[in-house]
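These notes concern the structure reproduced below.
The values are calculated or read from the model by the stated rules, or taken from the named source; none is laboratory data. The model shown is predicted, which means the values in this text are computed figures rather than measured ones. Cβ: placed from backbone, ideal geometry, glycine included. Neighbour counts: every protein chain shown.
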Amino acid sequence: MTNTATGIVRALNSGIKHIATKRFTLRYPEEKLKFVGDGYQFDPSTGVGIAGLKGRHMLFHDHCTGCQLCSIACEGVAEAIAMVKVPEEQKQNKKSIMPQIDYGKCVFCGLCVDACPFYALYMTNDYELSSFSKEGLIYTPAQLAVKPYVEQDSEIVITKNGATHG
Amino acid sequence: MTAELPPGLAIQKVDERIMTLNVGPQHPGSGHMRIIVQIDGDYIVACDPDPGYVHRGEEKMAEYRNYITNIPHLERPVIHDSCNVLYPYVLGVEELLGIEVPERAKYVRVICSELNRCIYTMYWLAIYGIFLGHSTMFMWPAGDRELLIDLMEKISGARVTHAHFVPGGVRNDLPPNFEEVCLRQVNYFEKRIKEYAAVFYDNPILISRTRDTGVLSREDAIRLGTTGSVLRASGVDYDLRQKEPYDVYEELDVHSNVMKEGDSYARSKVPWLDMMESCNIIRQALQKMPKSGSVRVKLKPNPKGKGLDSVYKRVESGRGSLGCHIVSDGKVEPYRLKLSVGSFRNLIALPYLLKGEKLGNMPSVYWSLNYWPVEADR
């Protein structure tokens, strides 16, 4: 009986001690997490990626040759990438086709980035992609070329009083 | 009316005293499955688990995709434990293609898989807490998981479904000064999970509810073919990381946690002890890891197997032994892929454990089997 009583008191005490500790909650969207690097990238010369968040893609128009390798890589995964005609003419892109990505289908695995041999497709830290319509989730090559601005202000800080987002 | 229903859906009337009760599939106490229990008053007479509500045909899908594009969908069965689900597949494909993996990549894999094991177990523990009506035990693990999810996000760029393991190593190297951040957060995480003892594991209320309920004896655990924490809670010292070490586990000091009781309490405590062991392994791996070097072997596009060949690999996942059998016929796709998962093996013990128990003990016995419905259905 005494064991039961002390056990319950100890359990309550353990909970009460946490009133003094800091709250471990990220108050999104007032606070936003900090990431490592500029998003997931891939170096075809070494065959190894560079750590970063797998967010929305970034397309470099001056590197893309319209080879469709990213689209082929996506075929068995999500079929999110379609090659579309672009009005501009690039020297290296004879067919004038570039990837258009449907974020309603994309699973953010980043295999398309691994497939690109021309340093044309990277991923960025942009993860806020919500839209009111399905069409709004389809990003054209022109939209993909814009480098996003991502707020990053808080990371996990561990103090004596517990972990917190600061 | 009942004659027209397909088999399994018809409710049999057995006796005047005995009532048949459907728990699930839309019930918070069952997960994505149905448990058909026959009760006599408050006591369970018979129980028939009915999985299959989230079957997605992962094995068939794998036959139509090449070895690399199989990666994102094969980790879907357990998104919290996605590195461990992918591990046997990746090891198998490496053997099929004859790839030697760099030393550093092996250590990165061990770190990722141990982090994933903790992430999964914390989620499981949170659900276990709320099944028993202990809402503190739901909030604490759900919050403390964030420390490790943050580490996985730094490594792989995704909070769940990392798609980080590939045949030939891992997708990318660890970010700069990751070791320091990892050590700090893992140490704090270990300190936190030790605090769960007073509030949960040594709590007399939990002990009185779970001790001596659903006892699985050592002989039955072996006979029924259970694995992982269920097997170890019944007194069988069997951990694949120790018995059949893969990658660099043989260079690390792995201690397996064994309890003799075989009741719900032991089955819920073993995964918690395993998390502390995982923290130890992560610390050892960070220390022994080569400080530089490649982490991925460059593969040809669309790698092919060498003729007719088959390989079976298994790893210790958060739910026990997880095996992957790949048959190759020399094409870019596997000819056949079979996942043998721990969840399904442990579910077979449920009818034996629930017989004679009170209905109120059903959630604690059921969830202590470390069962994940989506993985069992594949």
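Miscellaneous remarks
- Test: residue in the stretch B:116-138 that is under 15 Å from B:GLY318 (Cβ atoms) and charged (D, E, K, R): yes
- Per-region count, the stretch B:131-152, residues under 21 Å from A:ARG23 (Cα atoms) and out of contact with any strand residue (DSSP E or B) (no Cβ under 8 Å at 6 or more places or on another chain): 15
- Some residue of the stretch A:82-101 being within 12 Å of chain B (Cβ to nearest Cβ) and among the acidic types (Asp, Glu): no
- Residue, nearest to B:LEU347 (Cα to Cα), within the stretch B:36-82, restricted to residues that are in contact with a Phe, Trp or Tyr (Cβ under 7 Å, 6 or more places away or on another chain) and away from chain A (no Cβ under 14 Å): B:VAL78
- Inspection of the stretch A:114-123 finds a residue satisfying the criterion of being more than 20 Å from B:ASN66 (Cα to Cα), within 12 Å of chain B (Cβ to nearest Cβ), surrounded by 17 or more Cβ atoms within 10 Å (Cβ to Cβ) and at pLDDT 85 or above.
- Any hit, the stretch B:47-68, residues being surrounded by 18 or more Cβ atoms within 10 Å (Cβ to Cβ), in contact with a helix residue (DSSP H, G or I) (Cβ under 6 Å, 6 or more places away or on another chain) and closer than 26 Å to B:VAL297 by Cα: yes
- Answer residue from the stretch A:12-52, given it is in contact with an Asp or Glu (Cβ under 7 Å, 6 or more places away or on another chain) and among the charged types (D, E, K, R) and is nearest to B:LEU148 (Cα to Cα) among those: A:LYS34
- Residue among B:LEU359, B:LEU322, B:LEU337, B:LEU353 that is touching a residue at least 12 places away in the same chain (Cβ under 8 Å) and surrounded by fewer than 22 Cβ atoms within 10 Å (Cβ to Cβ): B:LEU359
- Filter pass, B:ASP274 being of a type outside the set (S, T, N, Q), more than 14 Å from chain A (Cβ to nearest Cβ), out of contact with any Leu (no Cβ under 9 Å at 6 or more places or on another chain) and crowded, with 19+ Cβ neighbours inside 10 Å: yes
- Whichever residue in the stretch B:293-307 is within 19 Å of B:ASN66 (Cα to Cα) and either of a type outside the set (D, E, K, R) or surrounded by 17 or more Cβ atoms within 10 Å (Cβ to Cβ) (or both) and, among such residues, is farthest from the other protein chains (Cβ to nearest Cβ): B:GLY307
- Of the helices (runs of 4 or more DSSP H) entirely within the stretch B:187-262, those holding at least 2 residues that are closer than 26 Å to B:ILE282 by Cα occupy B:228-233, B:240-243.
- Test for A:TYR149: is it surrounded by 14 or more Cβ atoms within 10 Å (Cβ to Cβ), farther than 30 Å from B:VAL186 by Cβ and among the aromatic types (Phe, Trp, Tyr): no
- Any hit, the stretch A:126-134, residues being of a type in the set (A, V, I, L, M, F, W, C) and over 30 Å from B:LYS300 (Cβ atoms): yes
Conditions (1) buried (at least 22 other Cβ atoms within 10 Å of the Cβ); (2) within 11 Å of chain A (Cβ to nearest Cβ); (3) of a type in the set (Phe, Trp, Tyr), marked per residue:
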{"site": "B:MET139", "(1), (2), (3)": "no, yes, no"}
{"site": "B:PHE189", "(1), (2), (3)": "yes, yes, yes"}
{"site": "B:ALA198", "(1), (2), (3)": "no, yes, no"}
{"site": "B:ARG211", "(1), (2), (3)": "no, no, no"}
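- When each of A:THR46, A:THR65, A:THR21 is tested for being over 24 Å from B:THR161 (Cβ atoms), over 21 Å from the mean Cα position of the chain (by Cα), in a loop (DSSP other than H, G, I, E, B) and away from every other protein chain (no Cβ under 13 Å), the lone residue that passes is A:THR65.
- Scanning the stretch B:155-184 for residues that are part of a helix (DSSP H, G or I), facing chain A (nearest Cβ under 8 Å) and surrounded by 21 or more Cβ atoms within 10 Å (Cβ to Cβ) turns up B:ILE155, B:SER156.
- So B:ILE68, is it β-branched (Val, Ile, Thr), part of a loop (DSSP other than H, G, I, E, B) and farther than 20 Å from B:TRP372 by Cα: yes
- Some residue of the stretch B:94-103 being over 16 Å from B:VAL315 (Cα atoms), touching a strand residue (DSSP E or B) at 6+ places or on another chain (Cβ under 9 Å), surrounded by fewer than 21 Cβ atoms within 10 Å (Cβ to Cβ) and not aliphatic (A, V, I, L, M): yes
- Put simply, of B:SER310, B:SER343 the only residue that is polar (S, T, N, Q), surrounded by 22 or more Cβ atoms within 10 Å (Cβ to Cβ) and within 25 Å of B:PRO245 (Cα to Cα) is B:SER343.
- For A:ILE101, the requirement of being without any contact (Cβ under 8 Å) to a residue 24 or more places away in the chain and buried (at least 17 other Cβ atoms within 10 Å of the Cβ) is not met.
- Residue in the stretch B:327-342 that is of a type outside the set (D, E, K, R), closer than 18 Å to B:GLY225 by Cα and part of a helix (DSSP H, G or I) present: yes
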